[in-house]
Every structure is written in structure tokens, then in C-alpha cells.
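The values are calculated or read from the model by the stated rules, or taken from the named source; none is laboratory data. Just so we're clear, the structure is a prediction, and the values are computed from it rather than from any experiment. We place every Cβ from the backbone using ideal geometry, glycine too, and count neighbours over all the protein chains shown. Heavy atoms of the whole protein, side chains included, go into the accessibility calculation; ligands, DNA and RNA do not. Shrake-Rupley method; radii C 1.70, N 1.55, O 1.52, S 1.80 Å.
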Amino acid sequence: MSLSRLKDAYAKGIFPWYNDGQPVLWWSPDPRMVLFPEEVHVSKSMRNVFNQGHFKVTYNTCFTDVILNCKRVKRDGQHGTWITNQMVEAYIKLHEEGLAESVEVWQDAKLVGGLYGINLADKKVFCGESMFSHASNASKVALITLARKLQKLDYKLIDCQVYNEHLDSMGAREISREKFLEYLQ
């Protein structure tokens, strides 16, 4: 989990995913779940959420709080988390170096949602790691806002790693590993 190994791994489409007590396991799934920023799905109900203006979105103002919330959030069908203390320490260091970034969603001055990931700015790829929500739609607001920002910056895609229904409903889709690696060239 050295910083140089993490940087090299992400640049090659590989990410760590393991539990406490396991050796560090490295993954490059096939197929790969990705979200093309211009394809983010904003439902009518989510348009209403944005129009109501109940949420404020910031970037990189409290990275540590975001990753710790992602670590602590309960997830259906999962026991514990893959975000180990070792990973938290490593990603905070990556954030300090400007590689790991966070999106924060606030409601009434309280952090209620967000996400973090690795920004491969030179490749125009954002590698999403995890998201959390303590208020209805807060993680969706984070992802939609990030996708809109990255679209304006001509990013190729957001790496979502593996399939899940939530990301599918947001417009993410699976592509082959081979195709994913082409985007990293």
C-alpha cells in the first residue's frame, strides 16, 4: 500500500480491495463498470432535488471526514468494510499529494453525503472508490455534481469498478477490461 505502488496501480487500471486480516488484494475486473460523465442519468425526481436547493456541494474541504463516513456506513449484505485503517492512511496521504479527492454534500451545514476517489487528471479519468449518504439522495447529488464537473473538463469516464444496481440506475455501464485500459493510455 505504498503511495508509489498505489499511483502505479491506478494508472494501470488496478485497485486494492481486501478486508482486515487479508493480504492486500489487487483487482482489475472484467467487465469494468464505468460512468461516462455525459451519460449520467438525472431522473425527474433528482432534477427536483437540485431545483429545491437543499444541498450544498463542495470539493476537497474535508477528505478525512468523507473517507471515514464511507468506512463506517452500514451496507446491505456486507459485514464490515473493505476500507481498512491502512487504506484510510494511504488515501489521506494521496489526498495530501493532490491525487485523492472528495466531493462533500451538505445539508443545514452538516455533512450528509459524499464520495472520494483517485483523480488521474493527466488521463482524464476519475477512479471512484466509495460513497456514503446520511440523507436521502445525498450520494446521488455527489455523483451527479461530479459527473457534470468532469464533463465540463472533458474527462473520459468515472471508473466505478464493479457492477451494482445503484450505479446502473445512475447511467453507469459495463465495458470490457481491454476497452477500459484503452482509456488509460
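In this rough spin-label picture, where each label sits 7 Å from Cα along the Cβ direction, the Ile92-Tyr59 distance is 2.4 nm. Under a straight-distance cross-link criterion of Cα-Cα below 16 Å, which aspartates and glutamates are reachable from Lys152, leaving out those fewer than 8 residues away in the same chain? Within the straight-line cut-off, Lys152 pairs with Glu38, Glu39, Asp122. Round to a whole angstrom and tell me the spacing of the C-alpha centers of the range 16-72 and the range 114-185. Taking the Cα centre of the range 114-185 as reference, the centre of the range 16-72 is 7 Å away.
For the residue pairs Lys7/Lys44; Lys7/Lys71; Lys12/Lys44, alpha carbon separations beyond 31 Å are given by Lys7/Lys44; Lys12/Lys44.
Of all aspartates and glutamates in the structure, those lying under 13 Å Cα to Cα from Lys93, and not within fewer than 8 positions of it along the same chain, are Glu101.
What whole-number value in cubic angstrom gives the convex hull volume per residue for the C-alpha atoms of the range 1-109? Could you put the intermediate results ahead of the total?
Details: hull volume 17.3 nm³, N = 109.
About 159 Å³ per residue, rounded to a whole number.
For the chain, the mean residue ellipticity at 222 nm estimated from helices alone is -10500 deg cm²/dmol, where every DSSP H run of n ≥ 4 contributes -39500 (n - 2.57) and the total is divided by all residues, rounded to the nearest 500. Computed over protein heavy atoms with a 1.4 angstrom probe, the accessible surface ordering of Asp168, Asp159, largest first, is Asp168, Asp159. When a 1.4 Å probe is rolled over the protein heavy atoms, the share of accessible surface on the chain that falls to carbon and sulfur comes to 47 percent. Counting heavy atoms of the protein chains alone, Tyr59 has an accessible area of about 70 Å² for a 1.4 Å probe.
So, with +1 on the Cβ of K and R and -1 on the Cβ of D and E, and no other charges, what is the size of the charge dipole of the range 120-185 about its Cα centre, to the nearest 20 debye?
Values: 10 positive and 9 negative charges, 60 e Å.
Taking the Cα centre of the range 120-185 as origin, the dipole is about 280 debye.
Would you please give the FRET efficiency between Ser4 and Leu25, computed as 1/(1 + (r/R0)^6) with r the Cβ-Cβ distance and R0 = 25 Å, to the nearest 0.05? Efficiency at R0 = 25 Å is approximately 0.85.
Hey, can you find the accessible area per residue of the range 32-141 for me, probe 1.4 Å, expressed in square angstrom?
Working: 5360 Å² over 110 residues.
Accessible area per residue: 49 Å².
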